[in-house]
Amino acid sequence: MATSGFDLSSLVLFFHLLFLLPLSGAAASPENTTRSGQVNSNSVLVALIDSHYTELAELVEKALLLQTLEDTVTKHNITIFAPKNEALELHLDPEFKRFLLEPRNLRSLQTLILSHIVPYRVGLHHWPAKPGDSTRHRALSRVPVELSTDVSSGERLVSLAKLTGPHAVDRPDGVIHGIERLIIPRSVQQDFNNRRSLSSISAVKPEGAPEVDPRTNRLKRPAPPAKPGSPPALPIYYAMAPGPDLAPAPAPGPGGPHHHFDGERQVKDFIHTLLQYGGYNEMADILVNLTSLAVEMGRLVSEGYVLTILAPNDEAMAKLTTDQLSEPGSPEQIVYYHIIPEYQTEESMYNAVRRFGKVSYDTLRLPHKVVAQEADGSVKFGHRDGSAYLFDPDIYTDGRISVQGIDGVLFPPEEKKVTPAAQVVKQVKVAAGKQRRGTYSFNFFIKRR
């Protein structure tokens with residue numbers, strides 16, 4: 001902004017002050033305490049407009065402090081520590097300036113402006129002569145303004161801002177000292193830092209409609225929040241991605257609702273363990289490259305679910321035919337049948353089959369289950385020819401994911417074909433007798449006659 005002329009807002013402010021001034025007022029001495037109740041044309045407020053500090057004059061107008069300052073100069077002298085225009089135009093943070101000019105932050109803007117004004121005349125003799133010393137003067141905002149002298153350079157300071165224009169404007173009712181930059185009170189800085197507090201900008205947490213208990217006709221109390229690390233309330237099947245016959249799997253989420261588990265890292269660890277263990281490269285290739293099941297497993301573990309993977313070795317995977325893998329969704333269905341939504345180790349499964357004989361475990365391929373039983377001192381999965389033995393126990397166990405190596409690929413038992421009801425109708429044999437239609441009626445008619 002040019003300092004030699006007036007812009008539109010400064011011109012309006014000038015005429016506003018000019019019409020309030022008595023044109024015939026006499027200049028009073030700085031020590032004169034008798035005032036006429038109105039400022040005159042020689043006032044320091046009018047001089048502020050036609051000075052090198054017009055940016056501060058605009059802020060005074062936007063802060064609605066013009067009437068307040070007019071009342072102040074009619075009672076006593078004032079001292080204005082005015083930052084130069086370049087400090088407000090170029091060196092001030094644009095975001096902070098935008099914050100000051102927002103209507104809701106009017107109180108912060110007024111505190112900032114009043115922190116540059118002292119309700120009496122401050123001259124150069126008020127600065128301490130000895131470097132390192134300081135004096136405090138209470139501003140109109142009740143924030144102390146500290147006057148000090150720099151030890152190294154000997155320059156005068158106003159609250160750590162250098163004094164660049166001492167007595168830049170000297171009028172009977174006040175004086176203007178030019179300073180290098182804006183003085184920002186701590187309260188204003190704190191308001192600026194708290195402008196993005198979580199309580200003011202956080203989204204409203206969505207809540208369902210209240211439910212009424214039909215027995216008591218009262219609102220049901222919401223369930224208490226789950227403890228950190230507790231298992232999810234919904235079954236794992238509700239968290240799974242839709243199958244390939246319905247829609248492609250969605251993108252993985254950022255983690256659990258409370259980020260207690262890092263499922264993506266755990267899945268990477270167990271796949272890396274499979275590769276380092278040796279003999280399970282085909283299973284790792286299916287999880288990572290042929291399907292997106294590794295991503296889905298990571299998302300399930302992040303949500304708090306636990307998994308046990310029965311991983312066939314490379315020799316077993318080599319026995320799969322092209323037809324078994326070429327059908328749409330067949331790789332996913334094969335792997336789903338090898339994933340148990342429980343955390344089982346070799347010891348827990350062996351103890352279960354030793355105690356109960358046969359144990360059925362749920363799989364991610366609904367509604368099929370995998371049957372385990374004891375055989376030759378180990379655990380055997382599956383039925384008859386399609387069975388597989390627990391070959392490499394506890395390849396990977398971390399409390400959330402358990403990987404058990406088996407020597408065969410499991411398939412669910414074939415569903416029995418049900419014959420349609422229309423074809424099961426049994427033909428009922430009826431003994432065909434002699435037709436006797438109308439005989440009884442005819443004989444009865446003869447006997448009547």
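The values are calculated or read from the model by the stated rules, or taken from the named source; none is laboratory data. Just so we're clear, the structure is a prediction, and the values are computed from it rather than from any experiment. We place every Cβ from the backbone using ideal geometry, glycine too, and count neighbours over all the protein chains shown.
Brief remarks follow.
- For segment 136-170, taking the residues that are farther than 14 Å from residue 116 by Cα and of a type in the set (S, T, N, Q), the one that is surrounded by the fewest Cβ atoms within 10 Å (Cβ to Cβ) is identified as 152.
- Residue match in segment 111-129 (condition: aromatic (Phe, Trp, Tyr) and touching a helix residue (DSSP H, G or I) at 6+ places or on another chain (Cβ under 9 Å)): no
- If the condition is being in contact with a Lys or Arg (Cβ under 8 Å, 6 or more places away or on another chain) and closer than 12 Å to residue 192 by Cα, then segment 75-100 contributes only 99.
- Test: residue in segment 189-198 that is more than 30 Å from residue 89 (Cβ to Cβ), modelled with pLDDT under 85, surrounded by fewer than 17 Cβ atoms within 10 Å (Cβ to Cβ) and not charged (D, E, K, R): yes
Here's the yes/no breakdown for (1) surrounded by 15 or more Cβ atoms within 10 Å (Cβ to Cβ); (2) basic (Lys, Arg); (3) in contact with a Pro (Cβ under 7 Å, 6 or more places away or on another chain); (4) under 17 Å from residue 183 (Cα atoms):
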position	(1), (2), (3), (4)
44	yes, no, no, no
58	yes, no, no, yes
68	yes, no, no, no
120	no, no, no, no
124	no, no, yes, no
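- Residues being part of a strand (DSSP E or B), in contact with a helix residue (DSSP H, G or I) (Cβ under 7 Å, 6 or more places away or on another chain) and loosely packed, with under 15 Cβ neighbours inside 10 Å - total across segment 367-413: 1
- Evaluation of residue 303 against (1) surrounded by 17 or more Cβ atoms within 10 Å (Cβ to Cβ); (2) at pLDDT 90 or above; (3) of a type in the set (Asp, Glu) (one fails), failing number: (2)
- Residues of segment 306-340 that are surrounded by 14 or more Cβ atoms within 10 Å (Cβ to Cβ) and of a type in the set (A, V, I, L, M): 306, 307, 309, 310, 311, 316, 317, 320, 334, 335, 339, 340.
- Within segment 108-129, the set of residues being without any contact (Cβ under 8 Å) to a residue 24 or more places away in the chain and in a helix (DSSP H, G or I) comprises 125, 126.
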